[in-house]
Every structure is written in structure tokens, then in C-alpha cells.
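Colleague: Take this structure, written in C-alpha cells, and hold onto it; I'll ask about it next.
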């Protein structure tokens, strides 16, 4: 029986003896077909070799884990989380634990109070907590954004707009200094958030790239249209819904104006204006952090609670826009921008995978690539993660059923390996009301 050959329950310490994961079917994250009967040799945090069963040299003394009948995929990556708005360390640790034991080995934190986030990132890296690795941003926005009450919560003790991790930008800002301050927070990227005109979006992006730091942006920065965000050179843009504002005859003047997209302006199938945006993204290599499941789920919730505020797009429009992006060849990562309540046993990113497979129509192999290799590219970490290959971090998930045959099998997790350390699913401690609060899904 499968259970008889399960990997050992006790994790090996990073940096200890070699581990040989033997005879698995490997889905490597590149979009290539699955390869049966593969061995994965791990030394410490990294993969030494991946090859057909019994062909890897130098395995003497390795701890052997028999994975016959199992399927191995790279660790999943959620490219849009918020762990500290407002800061709540118990909740953040619970969310991260649920993510890791659900197969997520890295996340992008997309603007928060990075004082606690940076410490969580350190603890995750050191293996002191059960958590994915965390790559976080320093935010830049126009002065109007800093009236948002969320800003007060994440810059406590600092004048709003003056924190190195949340800076107000205008024409008087010395951008060289602003970007240097952002880099000093150890952020992976600058997030261009809201209330900035095209000239400042361009200027911030140029200076960030000059200083060798990535730029992650909302796909519309209000009043900056999507076409101008893409032309500025942002490396990744978030929220496929916001791209629909490109068809509006008059762009919203401010992020604070939550007027939904006029979806009647979109073509019923592939919209030609949106097609132009996707061509520009392909030319520049821009990654789309779609966050589509958020909009679909909100539609379902509004049926039971019609008093809920409409989001900027409906679920059907979000599906059409994402499907058009996929058909155009735009790389799509799996970001969520949401938190499920304590009663949920699985990470939010699973819902984004299901959205891409069930609603958008992507084949499971492509969905897995989006959740792994494309996610690593979005986080600027593709050299170290995102696929199962020699030299990369030993971040992978052992499944008991084939995810290529059915994406639902992403939840047949037996073990998650992160940086060489094994976390058996059987050891998962579910999130609690005390940790997460008792509200509905956020």
C-alpha cells in the first residue's frame, strides 16, 4: 500500500547527509511532459541531480525515500499575499503554516508593514517557523493614497508617506534617494501602487531598474492607464481586471474612485484593445499576476449578500480577460490577494489554480507551470526555484495522485520539501479561530 512506503515523518535537518527521493513521476514545472521513474538527489538545501531511476552516481550513504507511485511537482508560489495589513504576527504565522503544508514554498508580499514581514522572512529562511520563503515590496504611491486608513496601520510611528517601505512620491521627490531608501529595506521590488501620473510611473521604473531592483505594479495606477504602466517597463503587473480600464473613454482620476469597469465596452470575446496590451506585454516580457479567483469568488458571495460592494470587475469579465491573456501567450502567475478563514485547510493559491484550470480552461501542465516557474520569474527567483532541476533549491511537493490528469490532485499532498527539509502533511496543525479570528473570508 502507498502508506507503507511513505517518506519518514521526521524531517532531516538542512545540510545533513544526502537524500535520494527515488522512482517518482516528476512534473518539473517547465511545461514539459511528466517523466516517470525519476530519482532526485538532494544535498542540504539544493538538488544535486535529477535522472532516471538508478542512474545517479554518488548516492552512497544517502537517506532513501521511496516515491514509487508518487508524483512530484515544484513548490507552489503565491505571487500576491498581504501578511501585515495590519500587523498580526499570530495570524501571519498561521497563514504561512497553512501555505507551507499546502505545498507553497514561496510567496510575494505585495505591500505591508515590512518590519514584521522582514522578521517573518528571516524566520522562514532560517527554518525557525514552518513557512514559505517571503519576498516583499517597498510601496510607492501618490500623496492622496496616504490618507488611506490602511497606511496608518502599516506605518505606525512614522509620518504617513515618509516610511522607506511606503513612500509618497510627487514631482519634488528625489527618486534616486527614494529608490535607495526602498532598497535599504531589503525589499525584492518596488510596488507602484496608485495615484501617480504616467511620467512618475516611468521615472520610478527607470530609476528602480537603474539601481537593479524589480518593479511590481498595479496594472492600472490611476490616473495612469494600463498601456502606460506596461510601456513604463514594470516587470510584473497585478489584477487582470484593471486592464479593462484601458477601454474607458475617460480614465479614473484616482485610485480612491472605485467605479467598476463598464464591461459593456469590452468585446464579447477577444477584445482588440486588450489584445494590444497583451502584445505589448509579450514584447516586454511582462508577467500578469491575474488574481482572478478573488473576483469569481466575490460574485458568488454577493449572491448571498447583495449588500456587499461590487468589485471593479465581475467574475465573467475576469475570466474572459484571463483567458485572452493565456491564449495570447502572456505568462500568468498565481497570485491570490485574499485570506480564507480558519476553517479552510488549504492555501488560497489552490483556488487560483482551480480558477485557471476550470474557469479559464488552461491544461493542468500549464497551470502547474504558472504556479511554479512563472511564479518564480515573477518573484525574481527563477535561478533558484520554480522547477525541479539540478542546482536549484530542493523545493518540491510529493503527491499521491497525478495532478496532470486532474488538477484537484494538487490536494493529495503527502510531503512538502522546502530547502531540503521535509514537512509531512500528516504533521500539519490546522489554523484556529484564536490565530485567525472569526470573520468571513477576506
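Colleague: Taking strands (runs of 3 or more DSSP E) that fall entirely within region 41-83, which contain at least 1 residues that are within 30 Å of residue 218 (Cα to Cα)? Steps first, answer last, please.
Modeller: Values: elements: 46-52, 63-66, 71-74, 76-81.
So the answer is 71-74, 76-81.
Colleague: Exactly one condition in (1) over 18 Å from the mean Cα position of the chain (by Cα); (2) over 26 Å from residue 382 (Cβ atoms) is not met by residue 94; state its number.
Modeller: The number of the failed condition is (1).
Colleague: All but one of (1) farther than 26 Å from residue 89 by Cα; (2) buried (at least 24 other Cβ atoms within 10 Å of the Cβ); (3) more than 19 Å from the chain's Cα centre (by Cα) hold for residue 386; which doesn't?
Modeller: Going through the list (1) farther than 26 Å from residue 89 by Cα; (2) buried (at least 24 other Cβ atoms within 10 Å of the Cβ); (3) more than 19 Å from the chain's Cα centre (by Cα), residue 386 breaks only (3).
Colleague: Of all the residues that make up region 106-132, how many are crowded, with 24+ Cβ neighbours inside 10 Å, in contact (Cβ under 8 Å) with a residue 60 or more places away in the chain and in contact with a helix residue (DSSP H, G or I) (Cβ under 6 Å, 6 or more places away or on another chain)?
Modeller: 1
Colleague: Going by the structure shown, is residue 349 over 23 Å from residue 35 (Cα atoms), in contact with a helix residue (DSSP H, G or I) (Cβ under 8 Å, 6 or more places away or on another chain) and touching a residue at least 12 places away in the same chain (Cβ under 8 Å)? Steps first, please.
Modeller: On the way: over 23 Å from residue 35 (Cα atoms): yes; in contact with a helix residue (DSSP H, G or I) (Cβ under 8 Å, 6 or more places away or on another chain): yes; touching a residue at least 12 places away in the same chain (Cβ under 8 Å): yes.
The answer is yes for residue 349.
Colleague: Suppose we filter 411, 419 for residues that are in the same structural domain as residue 25 (by TED's automatic domain parsing), in contact (Cβ under 8 Å) with a residue 60 or more places away in the chain and closer than 18 Å to residue 42 by Cβ; which single one remains?
Modeller: Numbers: 411 fails: closer than 18 Å to residue 42 by Cβ.
The match here is 419.
Colleague: Answer yes or no: is there a residue in region 200-218 that is assigned by TED's automatic domain parsing to the domain that holds residue 85, more than 15 Å from residue 235 (Cβ to Cβ), surrounded by 14 or more Cβ atoms within 10 Å (Cβ to Cβ) and touching a strand residue (DSSP E or B) at 6+ places or on another chain (Cβ under 7 Å).
Modeller: Step one: filter region 200-218 for residues assigned by TED's automatic domain parsing to the domain that holds residue 85, giving 200-218.
Keeping just the survivors that are more than 15 Å from residue 235 (Cβ to Cβ) gives 200, 203.
Still in the running and surrounded by 14 or more Cβ atoms within 10 Å (Cβ to Cβ): 200, 203.
The next check asks that each one be touching a strand residue (DSSP E or B) at 6+ places or on another chain (Cβ under 7 Å); those that pass are none.
For region 200-218, residues assigned by TED's automatic domain parsing to the domain that holds residue 85, more than 15 Å from residue 235 (Cβ to Cβ), surrounded by 14 or more Cβ atoms within 10 Å (Cβ to Cβ) and touching a strand residue (DSSP E or B) at 6+ places or on another chain (Cβ under 7 Å): absent.
Colleague: With the structure loaded, tell me whether residue 229 is modelled with pLDDT of 95 or more and in contact with a helix residue (DSSP H, G or I) (Cβ under 9 Å, 6 or more places away or on another chain) or whether it fails that test. Lay out the reasoning, then the answer.
Modeller: Values: modelled with pLDDT of 95 or more: yes; in contact with a helix residue (DSSP H, G or I) (Cβ under 9 Å, 6 or more places away or on another chain): yes.
Judged against the criteria, residue 229 is a match.
Colleague: List the strands (runs of 3 or more DSSP E) inside region 345-442, counting only whole elements, that have at least 1 residues being out of contact with any strand residue (DSSP E or B) (no Cβ under 7 Å at 6 or more places or on another chain) and under 23 Å from residue 238 (Cβ atoms). Don't jump to the end; show me each part of the working.
Modeller: On the way: elements: 396-399, 413-418, 421-424.
Per the criteria, no element qualifies.
Colleague: Given the options 268, 249, name the one that is modelled with pLDDT under 95 and either more than 27 Å from residue 166 (Cβ to Cβ) or touching a strand residue (DSSP E or B) at 6+ places or on another chain (Cβ under 7 Å) (or both). Show your work before the answer.
Modeller: On the way: 249 fails: modelled with pLDDT under 95.
The conditions single out 268.
Colleague: Okay, moving on. Hey, residue 72 hits all of (1) in contact with a strand residue (DSSP E or B) (Cβ under 7 Å, 6 or more places away or on another chain); (2) surrounded by fewer than 17 Cβ atoms within 10 Å (Cβ to Cβ); (3) under 30 Å from residue 117 (Cα atoms) but one; which does it fall short on?
Modeller: Unmet for residue 72, out of (1) in contact with a strand residue (DSSP E or B) (Cβ under 7 Å, 6 or more places away or on another chain); (2) surrounded by fewer than 17 Cβ atoms within 10 Å (Cβ to Cβ); (3) under 30 Å from residue 117 (Cα atoms): (2).
Colleague: Another question, if that's okay. Quick check: is even one residue across region 278-299 assigned to a helix (DSSP H, G or I), at pLDDT below 95, in the same structural domain as residue 243 (by TED's automatic domain parsing) and within 28 Å of residue 144 (Cα to Cα)?
Modeller: Yes, region 278-299 contains a residue that is assigned to a helix (DSSP H, G or I), at pLDDT below 95, in the same structural domain as residue 243 (by TED's automatic domain parsing) and within 28 Å of residue 144 (Cα to Cα).
Colleague: Run down 54, 61, 69 and say which single residue is at pLDDT below 95, outside the structural domain of residue 336 (by TED's automatic domain parsing) and over 17 Å from residue 340 (Cα atoms).
Modeller: Of 54, 61, 69, the one residue that is at pLDDT below 95, outside the structural domain of residue 336 (by TED's automatic domain parsing) and over 17 Å from residue 340 (Cα atoms) is 61.
Colleague: Now for a different question. For region 26-40, name all the residues that are buried (at least 22 other Cβ atoms within 10 Å of the Cβ) and in a strand (DSSP E or B). Steps first, please.
Modeller: Within region 26-40, the subset buried (at least 22 other Cβ atoms within 10 Å of the Cβ) is 26-29, 38-40.
Selection gives 26, 38, 39, 40.
The values are calculated or read from the model by the stated rules, or taken from the named source; none is laboratory data. As the structure is a computational prediction, the values presented were derived from the model and not from experiment. As a convention, Cβ positions derive from the backbone with ideal geometry for all residues, glycine included, and neighbour counts pool all protein chains shown.
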